[in-house]
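The values are calculated or read from the model by the stated rules, or taken from the named source; none is laboratory data. From a predicted model like this one, the values you see are computed outputs, not experimental measurements. Cβ placement follows ideal geometry from the backbone for every residue including glycine, while neighbour counts extend to all protein chains displayed. These accessible areas exclude ligands, DNA and RNA; they are computed on the full protein's heavy atoms, side chains included. Shrake-Rupley method; radii C 1.70, N 1.55, O 1.52, S 1.80 Å.
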Amino acid sequence: MATLYVSPHPDDFRSLLALIAAEFGLSSRPRIITEDPPASLNARSRPTLVLCTGEDCSVLSGTSAVSWYLAFQGKKTGVDTKQQSQVWQWLSFADNELTPVSCAVVFPLMGLLSSHAELMRVLKVLDQALEPRTFLVGESITLADMAVATAVLLPFKYALEPSNRKTLTNVTRWFTTCINQPQFAKVLGQITLCEKMVPVTSKTNAAENANPTEAQLKKEAKKREKLEKFQQKKEMEAKKKAQPVKELFLSLLFSYSVLFLVSDVVSPLPDSYSPQYVEAAWYPWWEKQGFFKPEYGRASISEQNPRGIFMMCIPPPNVTGSLHLGHALTNAIQDSLTRWHRMRGETTLWNPGCDHAGIATQVVVEKKLMRERGMSRHELGRENFIQEVWKWKNEKGDRIYHQLKKLGSSLDWDRACFTMDNKLSYAVQEAFIRMHDEGVIYRSKRLVNWSCTLNSAISDIEVDKKELTGRTLLPVPGYKEKVEFGVLVSFAYKVVGSDEEVIVATTRIETMLGDTAVAVHPADPRYQHLKGKMVLHPFCDRQMPIVFDDFVDMSFGTGAVKITPAHDHNDYEVGERHNLTFINILDENGLLINVPPPFLGMKRFEARKAVLQALKDRGHFKEIKDNPMVVPVCSRSKDIVEPLLKPQWYVNCRDMGKQAADAVREGRLKIIPDHHLKTWFNWMDNIRDWCISRQLWWGHRIPAYFVTVSDPSVKPGEDMDGYYWVSGRSEEEAREKAAQRFNVSVDKITLRQDEDVLDTWFSSGIFPFSIFGWPNEDLNVFYPGTLLETGHDILFFWVARMVMMGLKLTGKLPFKEVYLHAVVRDAHGRKMSKSLGNVIDPLDVITGISLEGLHAQLMDSNLDPLEVEKAKQGQKSDYPNGIPECGTDALRFALCAYTSQGRDINLDVNRILGYRHFCNKLWNAVKFAMKTLGDNFVPLEKLCGDESVSDRWILSRLSAAVGLCDAGFKAYDFPGITTAIYNFWLYELCDVYLVRISRPVLVCRQTLYTCLEVGLRLLSPLMPFVSEELYQRLPRRQPQHDPPSISVTSYPDTKEFCWHSEEVDRDMEFIMTVVKTIRSLRADYNLTKTRADCYLQCTDSATVSLVQKYSLQIQTLSYSQAIIPLVANQPVPEGCAVAIASDRCTVNLMLKGLIDVEKEVAKLMTKKGDLEKQMEKLRENMGKSDYKEKVPAKVQEQDAEKLRQSQTELEKVKEAVENFRKMM
């Protein structure tokens, strides 16, 4: 039986870890002894585990060794090698990072040094790692959780107050989960979390009666005496208890103090690549060193840089947002470009920022307010509600920044901007006032997209277009039952003064209450006789004209259309053209107004049913049928969007749109790829005015004031009359403007500021210059910017508005080029949708997630049960084994590789995993190459000059890769860049050059070093983590002068790397064709380990010379015994297998004496028989009469492919048998 020696101290987490690990063991628990192990065991510390089998005993000593052994018995050290590596990583984190600060932070209780800030820093790293996970490794408790949880046990008990725990939500959730596991609870008991980090001190009650009686004094004296004895007893107990605590902490401090003094940056590369290992530490170092700042390496950013300036601002993500694949794609591309420009020596700034996301943020905080306090924002009041939003923003708002850092985004975080910051808010106010004073911004009453749930207008991008094929019941907020959509209702209007009727149809029957006309086409012969006639509304005495308008489609339905000018965009324009009455039948909450009873006050979709029934009752109803249609749904509230007439603020975009279009036509602004030009010109040439007001509280309140004048000579104004509105930087300025406008004294002016806020896109539109302090600060250094990179889906909503407002307010284009990337779809080309289960969180790709974990995410969503089940099936189909850990580098590389200049990206997670394997190949290649270079290798500043043919070839290929990458970055050809890098590392360096030098032959180590160093620099912008990790292991050419990081090292340039030789490439291409032919022959004849002589029959002497020149390469790469070149007329020995490599060379592989021909023929004949049986069975199944009807199409395709493959294999077998028989 095993014996475990542990410390009796309840806070010795080293022993606690061993005890918890023992509880998870599957076999019998060891005997526990709370004493020091016997001296005879030679064990240096507790815990110590003694394992005895008979008389043989072995001893494990130390926390890691003991806990690993015990956890391994319980299968808690990871299910495979990858997970075991991750567990070891977390053990190292617990030992090296957490334990020292955990001990140090408790020392204030013992009167020793505090390190609370350092503890919080380390725990925030842990908190970020736990954000997407329940446990540290895999989907269940492992030794990683046990080790890290026991390492943070002391802080949770003695140092982390509730306020600290509130900022560490993920760590606290995970820690609570761990300690509530039965195995933890059995060892630790009930854990009481810290409430206040203060030493426990004695307290005596000094309060005494001001005028005590003698009896009271005696009584108090006795009480004091008892209390003093009690306190003395408690102090003695505390002293006894404190001594071992202090000894424990001092011993721990001694054990870990070395960690603060030693910085290990030269340890050997681990045996295999681990994304977590590689990506754990580099980003904080980059940031701390200031590599991402434009000031790095120069005295002042204002000084002239001959290499130029690169400036790009991030498309500011919503403050409410979390990372999705769109962000991942955007940042992979933008960061690659930024790092490339930085490595080229340009003054480089990638400016981060975050959007206040008016509607989204207000919705989040309103829900939180209702959930936690049962209050609406109206009950709280505007000022208090805005304070709540700021509070939420300060607590949660930087989550997206942490996620961007996880992607390796090299942003200058010191310049991070929030669109509600004072600097940016001032710019927004200034922009509005200037444009309003100029008349570009004006007040008008028009149709807007209205969300009844939000009580606000919303922009087009916030409207989801839900396509229906026919009758569909949809959930609508505020309605218990689902509402019917996707049907067309036909009904009749009676023509006044006749028995005729006009039949019209609508998908929104309730809107007929606001009809004010019927329209027909001017050329429609069916209605010519009704010119000048009127129809009668069935529910009121309203007579409505029949108008003739070209917008009517004569072929649709009856050719007659009901017109509701106040509730339909097309009808609005018809109403304007024909001067119709506009009757608004909906209030802001979706209740009916301006309609006759019984519909007055009804909810809009309840009125839908009531109106339909009333039409039937009065005999006006004709029919109802399915109708494919698009339903506008608010993306924020999921409410059905209603066109509603509201007085709003608008921007006149006509002149600005023309300037934006002209900038592109004249070549001053370049849009890439150019197939987006058609969209750009279509929008800009036909641009409509932009509604910029939103009925929200969170956002930039519109600095406009409605004027009331206390003077009988000035008539009262109306809300929609822009003349009665003034704007100002303050109320005083607005009052002065109003007094001047109406020619009255200031005291006669009363102002009311507009309650609305500006559309979020307004502040985003001036983002490229507001971040630099416009209008108060100089924009010369970084404005205009160089590039705007974003998704093509916001070309109009954001890009166009930045261009228009930049030209309007600064007189300059905000950037010179616009690069638009594609939209990410799933592997099947479907749009990412929660209901399909195909939405991928990039962090799940980076860290990996099980199928169960993906299912669990669906349970936390707002999908209804049917959609959840459908989504689960989608996940099970696409990710039957979950998503494997791929790492940030592989994800970035894959996204860039996909970014061809098209509109959509069909993302397959398996391809990302392929690039994870590519990282592993890189890792192993560098590890192998460094062994070849040796420990004492010193790279020369220049190559040695006497390179072999292999060296010259690999240098030629390296130069070609440099040229392709340079051209690719300049042309935004990311697939071209990734292909060049991938091919060089995998197919040229690893598959050819490294294989060539793997044999003990002379090699130019300088060439090898050059390939590694330059190859990593080529890779760095796309895979920053692994390239940095491997680059730091290489020696430097000029150690005293070379930059400290690959991220600020120069990017390889075609002027420096000009070794490309077409002749060498052409020769090596021929040699590789020969090698592949030999390899193919070897595979055909199953020569896996046996080397054979190879006779290469060449057509001319030049080819013979070439083969002789590269004979060593051919021999090594083809695993041949010898390479013998022959001219055409030289005889080839008997017993060779023959294959044609090219028109210049035939390969003859000597098999005689290497194989047992009869045995090989027998094996092949057996295989031939098996193949013929398989094919016969397949043909029999496929020939059945009901095969095509009953067997799924996918299975039929698979059967056909199997038959084709078997036929090919059979032909090869027959050919091999024939060749062998020739040798017999």
ask   = Looking at region 697-725, which of its residues are over 11 Å from Arg443 (Cβ atoms) and under 44 Å from the mean Cα position of the chain (by Cα)?
value = Trp697, Trp698, Gly699, His700, Arg701, Pro703, Tyr705
message = Out of Glu1189, Glu1160, Glu1176, Glu1201, I need the residue that is under 29 Å from Cys1136 (Cβ atoms) and out of contact with any strand residue (DSSP E or B) (no Cβ under 7 Å at 6 or more places or on another chain). Which one?
response = Glu1160
note = Counting only helices (runs of 4 or more DSSP H) entirely within region 334-406, those with at least 1 residues that are β-branched (Val, Ile, Thr) are 358-373, 382-396, 399-406
note = So the helices (runs of 4 or more DSSP H) completely within region 114-171 holding 1 or more residues that are surrounded by fewer than 24 Cβ atoms within 10 Å (Cβ to Cβ) and in contact with a Ser or Thr (Cβ under 9 Å, 6 or more places away or on another chain) are 116-130, 153-158, 162-167
message = Please determine whether any residue of region 47-59 is in the same structural domain as Gly138 (by the TED database), buried (at least 17 other Cβ atoms within 10 Å of the Cβ) and among the acidic types (Asp, Glu).
response = no
remark   = Inside region 659-683, the number of residues satisfying the requirement of being touching a Phe, Trp or Tyr at 6+ places or on another chain (Cβ under 9 Å), assigned to a helix (DSSP H, G or I) and open to solvent by less than 10 Å² (accessible area, probe 1.4 Å) is 3
key: Close pairs from region 1048-1064: first touching a residue at least 12 places away in the same chain (Cβ under 8 Å), partner open to solvent by 60 Å² or more (accessible area, probe 1.4 Å), Cβ under 6 Å, at least 6 apart   = Tyr1051/Arg344; Val1064/Arg952
remark   = Filter region 569-587 for residues that are closer than 19 Å to Asp639 by Cα and crowded, with 16+ Cβ neighbours inside 10 Å; the one that is nearest to the chain's Cα centre (by Cα) is Leu586
query = If Leu19 satisfies every condition in (1) under 17 Å from Asp95 (Cβ atoms); (2) in a helix (DSSP H, G or I) but one, which is the exception?
reply = (1)
request  = Return the total of residues in region 1-31 being of a type in the set (Val, Ile, Thr) and out of contact with any helix residue (DSSP H, G or I) (no Cβ under 7 Å at 6 or more places or on another chain).
outcome  = 1
inquiry  = Yes or no: region 1105-1126 includes at least one residue that is among the polar types (S, T, N, Q) and more than 23 Å from Ser948 (Cβ to Cβ).
reply    = no
task = For region 72-103, name all the residues that are assigned to a loop (DSSP other than H, G, I, E, B), open to solvent by 10 Å² or more (accessible area, probe 1.4 Å) and in contact (Cβ under 8 Å) with a residue 24 or more places away in the chain.
result = Lys75, Lys76, Gly78, Val79
message = One residue is enough: does region 1150-1158 have a residue meeting the conditions closer than 30 Å to Arg957 by Cα and not in a loop (DSSP other than H, G, I, E, B)?
response = no
message = Condition first: of a type in the set (Ser, Thr, Tyr) and either assigned to a strand (DSSP E or B) or loosely packed, with under 15 Cβ neighbours inside 10 Å (or both). Now tell me which residues in region 60-71 satisfy that.
response = Ser61
key: strands (runs of 3 or more DSSP E) enclosed by region 1036-1143 - at least 1 residues per element that are open to solvent by less than 50 Å² (accessible area, probe 1.4 Å), outside the structural domain of Leu940 (by the TED database) and closer than 30 Å to Gly1015 by Cβ   = 1122-1127, 1136-1142
ask   = Got a sec? Which of Pro306, Pro284, Pro315, Pro294 is free of Cβ contacts under 8 Å to residues at least 24 places away in the same chain and under 27 Å from Ile977 (Cα atoms)?
value = Pro306
remark   = Quick count over region 288-301, residues being under 28 Å from Asp355 (Cα atoms) and open to solvent by 70 Å² or more (accessible area, probe 1.4 Å), is 3
task = Only residues that are open to solvent by less than 60 Å² (accessible area, probe 1.4 Å) and either farther than 27 Å from Tyr819 by Cα or assigned to a loop (DSSP other than H, G, I, E, B) (or both): list them for region 302-318, please.
result = Asn305, Gly308, Ile314, Pro315, Pro316, Pro317
task = Select from region 1078-1112 the residues that are over 26 Å from Ala961 (Cα atoms), hydroxyl-bearing (Ser, Thr, Tyr) and touching a residue at least 24 places away in the same chain (Cβ under 8 Å) and list them in ascending order.
result = Ser1080, Tyr1085, Thr1090, Tyr1095, Thr1099, Ser1101, Thr1103
query = Does Val823 satisfy the condition of being open to solvent by 40 Å² or more (accessible area, probe 1.4 Å), in contact with a strand residue (DSSP E or B) (Cβ under 6 Å, 6 or more places away or on another chain) and over 26 Å from Val448 (Cβ atoms)?
reply = yes
remark   = Among strands (runs of 3 or more DSSP E) completely within region 695-791, the ones holding 2 or more residues that are open to solvent by 10 Å² or more (accessible area, probe 1.4 Å) and in contact with a helix residue (DSSP H, G or I) (Cβ under 8 Å, 6 or more places away or on another chain) are 704-709, 749-753
query = Quick one: is Val651 at pLDDT 95 or above and either under 30 Å from His537 (Cβ atoms) or among the aliphatic types (A, V, I, L, M) (or both)?
reply = yes
message = I'd like the residue in region 1164-1190 that is surrounded by fewer than 15 Cβ atoms within 10 Å (Cβ to Cβ) and of a type in the set (Lys, Arg) and, out of all such residues, is nearest to Leu1096 (Cα to Cα).
response = Lys1173
message = Looking at region 1141-1160, I want the residues that are acidic (Asp, Glu) and have a partner that is open to solvent by less than 30 Å² (accessible area, probe 1.4 Å) with Cβ atoms under 7 Å, at least 6 apart or on another chain. Which pairs are those?
response = Glu1160/Phe1220
request  = Enumerate the strands (runs of 3 or more DSSP E) found wholly within region 474-568, keeping only those where 1 or more residues are over 25 Å from Asn449 (Cα atoms) and open to solvent by less than 60 Å² (accessible area, probe 1.4 Å).
outcome  = 487-495, 501-506, 517-520, 534-536, 543-548, 560-563
ask   = When Lys831 is evaluated against the numbered criteria (1) in contact with a strand residue (DSSP E or B) (Cβ under 7 Å, 6 or more places away or on another chain); (2) buried (at least 16 other Cβ atoms within 10 Å of the Cβ); (3) at pLDDT below 75, which criterion, by number, is the only one it fails?
value = (2)
